[in-house]
Amino acid sequence: MTWKLSHIDRRRFLTVTGGALAAPAILHSTRSYAANPTIKVGYVSPKTGPLAGFAEADDYIISGLKQKFAAGVANNGKNWNIEIITRDSQSNPNRASEVASELLLGEEVDIITAAATPDTTNPVADQAELNGTPCITTDCPWQPYFFGRNGNPATGFENTYHFFWGLEDVIGAFLDMWGKGSAAKKVGGLFPNDADGNAWGDANLGLPKPFAAAGYDLVDPGRYQPLSDDFSSQIQAFKNAGCEIVTGVMIPPDFATFWSQAAQQGFNPKIVTIGKALLFPSVIDSLGDRGNGLSSEVWWSPNHPFSSSLTGISAKDLAAGYTQDTGKQWTQPIGFRHALFEVVADVVSRTDDLDSPESVVAAIAATKLDTMVGPVDWSSGPVKNVSKTPLVSGQWQAENGKYDLKIVANSAAPQIPLTGDLKML
């Protein structure tokens, strides 16, 4: 019979066998008897590299969380410290896997978390599943997360859980927004050869079928390599087809290259709605006047009617606090980063036996929590291990000398108020 010793089982083994060595050895046990016991939480995100915009607010959020956790989290009459150990994936899936392994096997974290696109969430979750460690991830559409890891809807995963929206939601949000405009239903698609691009452009599970059902003709020139320096063939294909809308999922450097070359080659669509690349004010600012009117999905904003289960702070006040502290404009991952650790704290408080990974996983699966980004509830599907959050659409519009992301379409989530009207480029 083969078996493996989990990181917490190893702790129990060392604690028990340590008594056979010498009494002082017990002082080195992971769980301190002189102070509150500690839960170690690993966190992986892309602090550097082309996806760094997703982690821009990490330091602010984690600093505030450490202050909140300083008093401990109560569980079964005892206070537990929560120690957050961060690692940079460098926007590279191989690096994400390496640092996840370091956290699991070197730091022996009790729970591992990750955020920001399948390039980060998937390798971290795969390592957690392999090592039997509870894992919570976010900031990645659920299809690239679930099917990108070869998930089976009938069985799901044992240890890894995810909350975010899905491709069906972003499709609905985009179509809702485009229906408010006057652009022809000819859409140019920009899909890179990566986990996101392959999922969004998939003929069966991605954008093509729902677009066709809604009367939109999607022109897909094929996958391009990330960090491409030439989009001439895509631009020419879009011009030849008469595309008045452009969509896709791109990293910021790729969109900047495409958008510059589109201007040079006389391609002027009426609507440009790109996932991932156009989420961040820093990216829009870098485009100058050509940032005005670009659009994207909106996962979270100061106008979302949610508040923190951990601190009680509202979305509006969380965004305002970030701006006051950093001098920077709010950015969408702020809400999800905060919510990620709301879920962690809630799980820690409810777990029957924090020395048991199986007990922690059971608490994760049983989560029903109203968070900064809306309800997180893994009992509601759409598949095991996935909980969905609401999604709307927004457009960057110049206002008082800066760009503001206006929510212009909200049919799928009317509880999130509109703050502007769609304008054609």
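The values are calculated or read from the model by the stated rules, or taken from the named source; none is laboratory data. Predicted model only: the values in this text are computed from it and were never measured. No Cβ is skipped: glycine too gets one built from the backbone with ideal geometry, and neighbour counts run over all protein chains shown.
Just one of the listed residues (Thr137, Thr120, Thr86) is crowded, with 21+ Cβ neighbours inside 10 Å and closer than 20 Å to Val348 by Cα, namely Thr137. Of the helices (runs of 4 or more DSSP H) lying entirely inside region 185-299, those containing at least 2 residues that are under 22 Å from the mean Cα position of the chain (by Cα) and in the same structural domain as Trp396 (by TED's automatic domain parsing) span 195-200, 252-264, 281-286.
All of Gly312, Gly288 fail the test of being free of Cβ contacts under 8 Å to residues at least 12 places away in the same chain, over 20 Å from Asp404 (Cα atoms) and surrounded by fewer than 23 Cβ atoms within 10 Å (Cβ to Cβ), apart from Gly312.
Filtered by the rule that a residue be outside any loop (DSSP other than H, G, I, E, B) and more than 22 Å from Ile407 (Cβ to Cβ), region 162-184 gives a lone residue, His162. Of all the listed residues (Arg350, Arg337), the sole one being within 25 Å of Asn36 (Cβ to Cβ) and buried (at least 24 other Cβ atoms within 10 Å of the Cβ) is Arg337. Scanning region 64-78 turns up no residue that is in the same structural domain as Asn150 (by TED's automatic domain parsing) and surrounded by 24 or more Cβ atoms within 10 Å (Cβ to Cβ).
The listed residues are Ala339, Ala345, Ala315, Ala319, and the only one of them that is at pLDDT 95 or above and under 19 Å from Ala70 (Cβ atoms) turns out to be Ala345. Using the structure shown, decide if Ser91 is modelled with pLDDT of 95 or more and either exposed (fewer than 14 other Cβ atoms within 10 Å of the Cβ) or of a type in the set (Ser, Thr, Tyr) (or both). For Ser91, the condition - modelled with pLDDT of 95 or more and either exposed (fewer than 14 other Cβ atoms within 10 Å of the Cβ) or of a type in the set (Ser, Thr, Tyr) (or both) - is met. Residues of region 367-407 that are surrounded by 15 or more Cβ atoms within 10 Å (Cβ to Cβ), free of Cβ contacts under 8 Å to residues at least 24 places away in the same chain and within 25 Å of Glu342 (Cα to Cα): Pro375, Asp377. Just one of the listed residues (Pro221, Pro210, Pro226) is of a type outside the set (A, V, I, L, M, F, W, C), modelled with pLDDT of 95 or more and touching a Leu at 6+ places or on another chain (Cβ under 8 Å), and it is Pro210. Among the residues of region 373-408, those that are among the aliphatic types (A, V, I, L, M) and not in a strand (DSSP E or B) comprise Val373, Val383, Leu391.
Give Thr2, Thr48, Thr30 a once-over and let me know the one that is modelled with pLDDT of 95 or more, part of a loop (DSSP other than H, G, I, E, B) and not charged (D, E, K, R). Of the residues listed, the single one that is modelled with pLDDT of 95 or more, part of a loop (DSSP other than H, G, I, E, B) and not charged (D, E, K, R) is Thr48. Against the definition (assigned to a strand (DSSP E or B) and over 18 Å from Val272 (Cβ atoms)), how does Pro417 come out, yes or no? For Pro417, the condition - assigned to a strand (DSSP E or B) and over 18 Å from Val272 (Cβ atoms) - is not met. Just name the residue that is modelled with the lowest pLDDT out of those in region 254-293 that are under 26 Å from Gly166 (Cβ atoms) and among the aromatic types (Phe, Trp, Tyr). Looking at the filtered set, the residue picked out is Phe280. Can you find even one residue in region 98-112 that is in contact with a strand residue (DSSP E or B) (Cβ under 6 Å, 6 or more places away or on another chain), of a type in the set (A, V, I, L, M) and at positive phi? No, region 98-112 contains no residue that is in contact with a strand residue (DSSP E or B) (Cβ under 6 Å, 6 or more places away or on another chain), of a type in the set (A, V, I, L, M) and at positive phi.
Residue by residue through region 200-231, note down the ones that are farther than 17 Å from Thr273 by Cβ and among the hydrophobic types (A, V, I, L, M, F, W, C). Answer for region 200-231, where residues must be farther than 17 Å from Thr273 by Cβ and among the hydrophobic types (A, V, I, L, M, F, W, C): Ala203, Leu205, Ala212, Ala213, Leu227.
For region 306-365, no helices (runs of 4 or more DSSP H) sit wholly inside it while including 3 or more residues that are outside the structural domain of Lys47 (by TED's automatic domain parsing) and more than 26 Å from Phe280 (Cα to Cα).
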